[in-house]
Amino acid sequence: MRIRLLALTLALLFATCLTACSAKDEAAQQPVPDQAAAQATPADGDQAAASTTRAIQEVIPEGPLGQVQLRNGSTLKIDALQKLGGDYWVYVTGKLNGRSSTVVSLTRFRDLMNWQSIVFQDPHTFTITNRQGKEWAFEEANFYLGSDKPGTYAFYVLDDRLDQVLTEVDKGEVANIDFLVK
């Protein structure tokens, strides 16, 4: 009888601890209001809400960002880039340095500008070189820049009137891409 009572008491104690711990975890996950937002008046509520979010602002320089060398010898100046699906500057999948499959998806512009060049043997075999001289050799890979279409890259160039125009280039025509911004 004593063993059963002791076991029942321990089970009740254990259940109480679990309930208390789970309530504590839920309370800790609730957002804590910012003091500035709590003190804001209804008239400046929009400004207080904007000041409490800390969005990272990317600095994207104006002017040519890079150039695309085509296999026929012509060159296109990249004036601006667009993100893939609003999230990625570039997206790469394939075998890295002859090893297993790898994914590289850059969401920050400064990370992309750390790359110096991309040299293409063909649309699915290329080498990325960063500004420190490190090379990433991709095989059986797909490289996406400005377009999620499997056969083209997209970027902005300046036309004769100096307007930015979105241009699509066939991946098979691209020999290399050089980034100018450091």
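The values are calculated or read from the model by the stated rules, or taken from the named source; none is laboratory data. The structure presented is a predicted model; accordingly, all values stated were derived computationally and were not measured. Don't worry about glycine lacking a Cβ; one is built from the backbone with ideal geometry, like all the others, and counts go over all protein chains shown. With ligands, DNA and RNA removed, areas are computed over all heavy atoms of the protein, side chains included. Shrake-Rupley method; radii C 1.70, N 1.55, O 1.52, S 1.80 Å.
How far apart, in nanometres, would the label points at T93 and N114 be if each is projected 7 angstrom from Cα along the Cα-to-Cβ direction?
Modelled inter-label distance: 2.4 nm.
I want the local charge near L162. Using Cβ-Cβ distances under 15 Å, sum +1 for each Lys or Arg and -1 for each Asp or Glu among the other residues.
-3
What is the Cα centroid distance between the range 132-177 and the range 89-116, reported in whole angstrom?
Using only Cα atoms to place each centre, the spacing works out to 14 Å.
What FRET efficiency, computed as 1/(1 + (r/R0)^6) with R0 = 30 Å and r the Cβ-Cβ distance, is obtained for T125 and T75, rounded to the nearest 0.05?
Calculated transfer efficiency: 0.85.
Using 0.36 nm per residue of separation minus the Cα-Cα distance, give me the extension gain between D170 and K149 in nm, one decimal.
Between D170 and K149, full extension yields an extra 6.6 nm.
Over the range 138-182, average the accessible area per residue using a 1.4 Å probe and give it in Å², no decimals.
On a per-residue basis, the range 138-182 sits at 55 Å².
Please give the contour-minus-distance gain from E62 to Q132: 0.36 nm per residue of separation, less the Cα-Cα distance, rounded to one decimal in nm.
Taking E62 through Q132 to full extension adds about 22.8 nm, to one decimal.
Using square roots of five times the C-alpha gyration tensor eigenvalues, list the equivalent-ellipsoid semi-axes of the range 66-179 in whole Å, biggest first.
The equivalent ellipsoid of the range 66-179 has semi-axes of 22, 15, 14 Å.
Nothing charged except the Cβ atoms of Lys and Arg (+1) and of Asp and Glu (-1): what's the magnitude of the dipole of the range 66-179 about its Cα centre? Round to the nearest 20 debye.
Rounded to the nearest 20 debye, it is 420 debye.
Return the carbon/sulfur percentage of the accessible area of the range 66-179, one whole number, probe 1.4 Å, all protein chains in place.
After summing per-atom areas, the C and S share lands at 45 percent.
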